[in-house]
Every structure is written in structure tokens, then in C-alpha cells.
């Protein structure tokens, strides 16, 4: 697909027919919209710093992060996941 085209739309005509005499048929049109994923998601910040008390209860949110994507429709939805990095720094 050429990179300047953001999406394609295909129309497919589908014909169903039976084996009877006389043969009976029906048709429908299937429209397929192919969205391209052209843009990379971007985090709203490069790095976050948060301080919490050691008495913080488990399960209580302590930070909100976000990301945006300039694509359209499904390609613009950002799914966030995390990996637990365990670093202990003594000061």
C-alpha cells in the first residue's frame, strides 16, 4: 500500500445460490474498510516521579500515566502495560 493513503475501502459483492430448479439466488455487498496504522503512540511524559509512603495501602492508585496516537479509529487506541522494575536505592 502506498504510504500516503490513510485507508482503503473495498466493496465485495457476494452471491449465494441454491441447487434447486429453478435456481434461486441472493446477493449482498460487503464493505471492508482497511485503516492504516501510520503513527507511533507517544507517552504524555518521558518519565514520571512519584513519592509514596511505606504505609501506602495495596491496591490504591498512586499515579496516572497516558499516551496519545494520531491515527484514526482502532489504530488510535493506546493500550498501556507495565513491567515491574525492582530497584532499591539506599540514600
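The values are calculated or read from the model by the stated rules, or taken from the named source; none is laboratory data. Quantities reported herein were computed from a predicted structural model and do not represent experimental measurements. Reconstructed Cβ throughout: ideal geometry from the backbone, glycine too, with neighbour counts over all protein chains shown.
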Within the set of pairs 6+ apart or on separate chains, which have a first residue in the range 72-88 that is closer than 14 Å to residue 41 by Cβ, a second that is in a loop (DSSP other than H, G, I, E, B) and modelled with pLDDT under 70, and C-beta atoms under 9 Å apart?
-> 72/6
Which condition does residue 78 not pass, out of (1) part of a loop (DSSP other than H, G, I, E, B); (2) in contact with a strand residue (DSSP E or B) (Cβ under 6 Å, 6 or more places away or on another chain); (3) modelled with pLDDT of 90 or more, if it passes all the others?
-> (3)
Filtering the range 18-49 down to residues that are in a loop (DSSP other than H, G, I, E, B) and under 18 Å from residue 81 (Cα atoms) yields 40, 41, 44, 45, 46, 47, 48, 49
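Conditions (1) modelled with pLDDT under 80; (2) surrounded by 10 or more Cβ atoms within 10 Å (Cβ to Cβ); (3) touching a helix residue (DSSP H, G or I) at 6+ places or on another chain (Cβ under 6 Å), marked per residue:
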site	(1), (2), (3)
1	yes, no, no
7	yes, yes, no
13	no, no, no
41	no, yes, no
50	no, no, no
53	no, no, no
60	no, no, no
67	no, yes, no
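Out of all the residues in the range 54-61, is one or more within 30 Å of residue 73 (Cβ to Cβ) and in a strand (DSSP E or B)? Steps first, please.
Filtering the range 54-61 for residues within 30 Å of residue 73 (Cβ to Cβ) gives 61.
Keeping just the survivors that are in a strand (DSSP E or B) gives none.
Checked against the condition, which is being within 30 Å of residue 73 (Cβ to Cβ) and in a strand (DSSP E or B), the range 54-61 yields no hits at all.
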